[in-house]
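S.K.: What follows is a structure written as structure tokens; I'll ask about it next.
The values are calculated or read from the model by the stated rules, or taken from the named source; none is laboratory data. Keep in mind that this is a model prediction, so the values were computed, not measured. Cβ atoms come from the backbone with ideal geometry, glycine included; neighbour counts cover every protein chain shown. Just the protein is used for accessible areas: all its heavy atoms, side chains included, with ligands, DNA and RNA removed. Shrake-Rupley method; radii C 1.70, N 1.55, O 1.52, S 1.80 Å.
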Amino acid sequence: MENFRGYLLPAVSLLFATSVLFILILSSSDYFSSFSMISFNSTASNFEFKSSVPTADLLRTVSVSDHEIQAVRFTGSNNVLKRESSARVLSKYEQLKQGLARARASIRKAASTRNVTSIIKNGVDFVPSAAIYRNPGAFYQSYVEMEKRFKVYVYREGELPITHYGPCKDIYTIEGRFMSEIEHGAKRFRTSDPHRAHVYYLPFSVAWMVKYLYKPLTYDLTPLKQFVADYVKVVSSKYPFWNRTCGADHFMLACHDWGPHVSKGNSHLYNNSIRVLCNANTSEGFNPQKDVTLPEIHLYGGYVSPKLLSPPPFNAPRPYLAFFAGGLHGTIRSILLQHWKGHDKDLIVFEYLPKDQDYYSFMLKSKFCLCPSGYEVASPRIVESIYAQCVPVILSQNYVLPFSDVLRWEAFSIQVDVSEIPRLKEVLMAVPEEKYKRLKENLKAVRRHFELNHPAKRFDVFHMILHSIWLRRLNMRLG
């Protein structure tokens with residue numbers, strides 16, 4: 001018996017040591033905890049799945065203390081908060097992490113697949129165009145993984161009209177439409193269990209803050225920033241989710257020009273959170289590593305003009321080379337109007353369109369539509385040009401174009417440096433006819449990604465915004 005014990009003790013010790021070593025190896029594997037960053041690169045044929053290096057495009061690491069995580073959930077009709085055990089919460093949290101790891105692995109596999117059609121299942125509504133997508137297979141797989149896994153928790157705190165409601169027509173349409181869809185329509189993505197959420201939405205409207213809290217002509221944004229500070233204070237005091245990541249897995253959405261400035265009401269919101277903004281100006285703090293560009297869509301009266309719903313046939317004549325009409329807002333427009341206002345019969349430039357002329361008719365009769373920035377970088381003319389199948393000419397500085405981590409804007413638009421505005425006609429005339437036709441064909445293909453639908457449809461602008469948020473969360477390491 002003593003001899004047996006003499007053999008048994010070393011054997012047990014060896015088994016224990018081997019188990020520990022196995023656990024250490026397993027825990028350091030790519031599947032469970034190491035992190036690789038997903039990035040759609042600038043070519044149509046390649047997709048990069050990068051390791052976690054400091055220069056990675058979208059990599060973000062946020063410290064999380066497991067000991068500080070506490071479970072909070074709603075039970076009953078009176079929203080009584082009930083605490084659960086940390087073990088249960090951590091289990092849900094680990095499930096989320098493992099699900100994201102599986103999603104990354106799936107996207108990586110799709111990215112390296114040469115036969116894109118082989119990975120498109122039930123994807124009859126998706127055309128894998130190598131022209132407009134940086135990597136069609138990777139984008140499609142990422143989109144499918146989003147539909148399968150992505151969950152958003154919308155905080156319930158706040159009252160109308162500044163929270164849970166936003167403008168659904170005119171210049172800030174997209175702000176209210178997204179809020180309405182995520183709160184009332186997108187059942188697939190919204191979760192009532194905050195422990196199963198990948199991201200948390202702060203449902204306040206900056207446009208309505210300006211309307212109800214701002215005193216005209218004062219240029220004092222203090223009341224707006226204070227509202228944001230108070231809102232974050234409420235949700236961070238009531239729930240554990242903000243504090244565990246310093247807001248990194250939270251997002252706000254704003255189309256008003258002052259959205260970036262209002263987000264300064266809380267330093268973590270400004271520096272850590274995902275800010276979905278129309279005013280995506282890198283010179284004013286927009287960080288494409290974590291922030292998302294929101295397309296600016298101007299719907300007069302809440303509807304797309306019937307003229308833009310059914311643009312002319314592809315080969316219909318477009319007698320004008322280019323068109324622009326708009327006020328003297330900002331330096332870029334000043335340069336454009338100085339050189340081209342009323343100077344050329346082919347390159348039509350107005351400061352203010354004559355009352356007897358129709359804006360959309362000019363767009364539909366022009367080959368190129370000029371999209372200069374105003375006081376801020378975003379312009380609704382970009383989306384209007386896409387609707388009109390009039391090739392957008394981007395005249396901007398420091399502007400991150402919408403969905404540019406997925407879409408190849410060079411395939412359906414022209415970007416002209418501001419310094420080239422004096423020779424703008426020469427630049428546009430130099431575009432070969434075959435290239436122009438390809439640009440126009442790609443405009444038709446990409447249009448669906450900028451359309452607002454009610455209810456939302458696959459691959460439309462609502463889902464593309466959500467996919468951009470999903471990518472940021474996918475590329476975020478919490479731990």
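S.K.: Gain in length, residue 397 to residue 157, computed as 0.36 nm per residue apart minus the alpha-carbon separation, to one decimal in nm?
M.R.: Using 0.36 nm per residue and subtracting the Cα-Cα distance, I get 82.6 nm.
S.K.: Give me the 1.4 Å probe accessible area per residue for region 305-450, excluding ligands and nucleic acids, in Å².
M.R.: Ligands and nucleic acids excluded, the result is 44 Å² per residue.
S.K.: How do 118, 129, 237 stack up against each other in accessible area, from largest to smallest, with a 1.4 angstrom probe?
M.R.: 237, 118, 129
S.K.: Got the relative contact order for region 305-450 handy, in percent, Cα pairs under 8 Å and 6 or more residues apart?
M.R.: Computed value for region 305-450: 23 percent relative contact order.
S.K.: Please list, in chain and number order, the residues 5+ apart from residue 477 or on another chain whose amide H is under 5 Å from its amide H, with Hs placed from the backbone.
M.R.: Amide H neighbours of residue 477, under 5 Å, 5+ apart: 60, 61, 62.
S.K.: Give me the percent of the accessible area of region 176-296 that comes from carbon and sulfur atoms, probe 1.4 Å, all protein chains in place.
M.R.: Carbon and sulfur atoms account for 49 percent of the accessible area of region 176-296.
S.K.: With the Cα gyration tensor of region 305-450 giving a ≥ b ≥ c as the square roots of its eigenvalues, does the rule (a/c under 1.5 for rounded; else a/b larger than b/c for prolate; else oblate) give rounded, prolate or oblate?
M.R.: It comes out rounded by the Cα gyration axes.
S.K.: May I ask you to compute the full-extension gain from residue 125 to residue 193, defined as 0.36 nm times their residue separation minus their alpha-carbon distance, rounded to one decimal in nm?
M.R.: So the chain would gain 21.4 nm between residue 125 and residue 193.
S.K.: Give the shape of region 285-371 as rounded, prolate or oblate, defined through the alpha-carbon gyration tensor: a ≥ b ≥ c are the square roots of its eigenvalues, a/c under 1.5 means rounded, and otherwise the shape is prolate if a/b is larger than b/c and oblate if not.
M.R.: The shape class here is oblate.
S.K.: In addition: Work out, step by step, the length gained on full extension between residue 434 and residue 91: first 0.36 nm times the residue separation, then minus their alpha carbon distance; give nm to one decimal.
M.R.: 117.8 nm
S.K.: Within the set 365/425; 109/148; 169/437; 365/437; 148/187, which residue pairs have Cα atoms separated by over 23 Å?
M.R.: Long pairs (Cα-Cα over 23 Å): 169/437.
S.K.: Here's another thing I want to ask about it. Which residues' amide hydrogens lie under 5 Å from the amide hydrogen of residue 133, considering only partners 5 or more residues apart or on another chain, with H built in the peptide plane?
M.R.: 408
S.K.: Using a 1.4 Å probe on the protein heavy atoms only, what accessible surface does residue 221 show? Give it in Å² to the nearest 10.
M.R.: About 30 Å², rounded to the nearest 10.
S.K.: Ok, one more. Compute the distance in nm between two label points, each set 7 Å from the Cα along the Cα-to-Cβ direction, one at residue 310 and one at residue 328.
M.R.: It is 4.1 nm.
S.K.: Still on this structure, I have one more. Shape call for region 134-173 from the C-alpha gyration tensor, a ≥ b ≥ c root eigenvalues: rounded (a/c under 1.5), prolate (a/b greater than b/c) or oblate?
M.R.: Oblate, since a/c reaches 1.5 and b/c is not below a/b.
S.K.: Quickly work out the residue 338-to-residue 453 label distance, labels modelled 7 Å from Cα along the C-beta direction, and quote it in nm with one decimal.
M.R.: 4.6 nm
S.K.: Find the relative contact order for region 162-216 and round it to a whole percent, using C-alpha pairs within less than 8 Å whose residues are 6+ positions apart.
M.R.: It rounds to 45 percent for region 162-216.
S.K.: Placing +1 on the Cβ of each Lys and Arg and -1 on the Cβ of each Asp and Glu in region 305-450, which of 361, 397, 342 has its Cα farthest towards the positive end of the resulting dipole?
M.R.: 361
S.K.: What is the calculated FRET efficiency for residue 358 to residue 233, with r their C-beta to C-beta distance and R₀ = 56 Å, to the nearest 0.05?
M.R.: Plugging the Cβ-Cβ distance into 1/(1 + (r/R0)^6) gives 0.70.
S.K.: With a 1.4 Å probe and every protein chain left in place, tell me how much accessible area residue 208 has, in Å² to the nearest 10.
M.R.: 40 Å²
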